[in-house]
1. Sort the range 33-144 into rounded, prolate or oblate with this rule: let a ≥ b ≥ c be the square roots of the eigenvalues of the Cα gyration tensor; rounded if a/c is under 1.5, and if a/c is not under 1.5, prolate when a/b is larger than b/c, oblate otherwise.
2. Could you order the peptides 139-148, 125-134, 157-166 from most to least packed, using the average number of other C-beta atoms within 10 Å per residue?
3. When the label point is put 7 Å from the Cα of Lys175 along its Cα-to-beta-carbon vector, which residues of the range 132-156 have a backbone N closer than 11 Å?
4. Determine which aspartates and glutamates satisfy two conditions relative to Lys178: a Cα distance under 20 Å, and not lying fewer than 8 residues away in the same chain.
5. I'd like the per residue volume of the convex hull spanned by the Cα atoms of the range 1-81, given in cubic angstrom.
6. For Ala7 and Asp123, FRET efficiency with R0 = 41 Å and r from the beta-carbon atoms, rounded to 0.05?
7. Using only DSSP helix segments of four residues or longer, with each worth -39500 (n - 2.57), what per-residue ellipticity at 222 nm results for the chain after dividing by its residue count and rounding to 500?
8. Measure out, as a whole number of angstrom, how far apart the alpha-carbon centroids of the range 1-51 and the range 71-110 sit.
Amino acid sequence: MNLNAPAFSTFSHDGLSLSYLDEGNPAGDPVLLIHGFASSATVNWVHPGWVKTLGDAGYRVIAMDNRGHGGSDKPTDPDAYRPWVMAADSVALLDHLRIPAAHLFGYSMGARISVFAALNDPDRVRSLVLGGLGIGMTDGVGDWDPIADALLAPSLESVSHDRGRMFRAFADQTKSDKQALAACIRGSRDLVERSDMGKIDVPTLIGVGTKDDIAGSPQ
């Protein structure tokens, strides 16, 4: 086992092959890590050291590449990326690994997916850590159509929208499937009603960076 360069496996759900890692202590409390938009399990969780840190602390560490990302299949229909659909992928991974319930740690889009998992399958979620998404969970985080347009533009040089340029440059750097990412950003933006947030009764920690201009306040 190498927590700095873990091995990935695949499982099938909803007609897709989805990539995941399963590291750390097999007998430890399971933590499922769910990455953000245009990223991957490797970029969000392996390279920054989360997999190693949690594994060293005795946890069983599971992380998947969301559909459209990393080593997972990449549909191009926006409806394939509705957050409850992606939440079902995460629960299906727990089924595949025969894990009754896990702690969910989601970042940005992964935080939204984690909340939908907690609302739709509350018995599968032991606690939540939501990073990089605060009040934007319920109030939205701005206009994402320019980002989809930027991802489909002929080149980075032809993109003038600042946030669009940022995501396009990142997608180019990670050699991502930009058509799939454009579908994802168009399909995964459903908001959570504030009344539904109040239905979550597991321990929940929300963390937002002080210079994050997308996530909104964690309060």
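1. rounded
2. 125-134, 139-148, 157-166
3. Correct set: none at all.
4. Within reach: Asp65, Asp73, Asp77, Asp79, Asp143, Asp145, Asp149, Glu157, Asp162.
5. Values: hull volume 7.0 nm³, N = 81.
It is 86 Å³ per residue.
6. Working: r = 30 Å, r/R0 = 0.72.
Using R0 = 41 Å, I get an efficiency of 0.85.
7. Computed ellipticity for the chain at 222 nm equals -9000 deg cm²/dmol.
8. Using only Cα atoms, the two centres lie 12 Å from each other.
Rule-based calculations on the coordinates, nothing more; no lab input. Keep in mind that what you see is a predicted model, and the values were worked out from it rather than measured. Don't worry about glycine lacking a Cβ; one is built from the backbone with ideal geometry, like all the others, and counts go over all protein chains shown.
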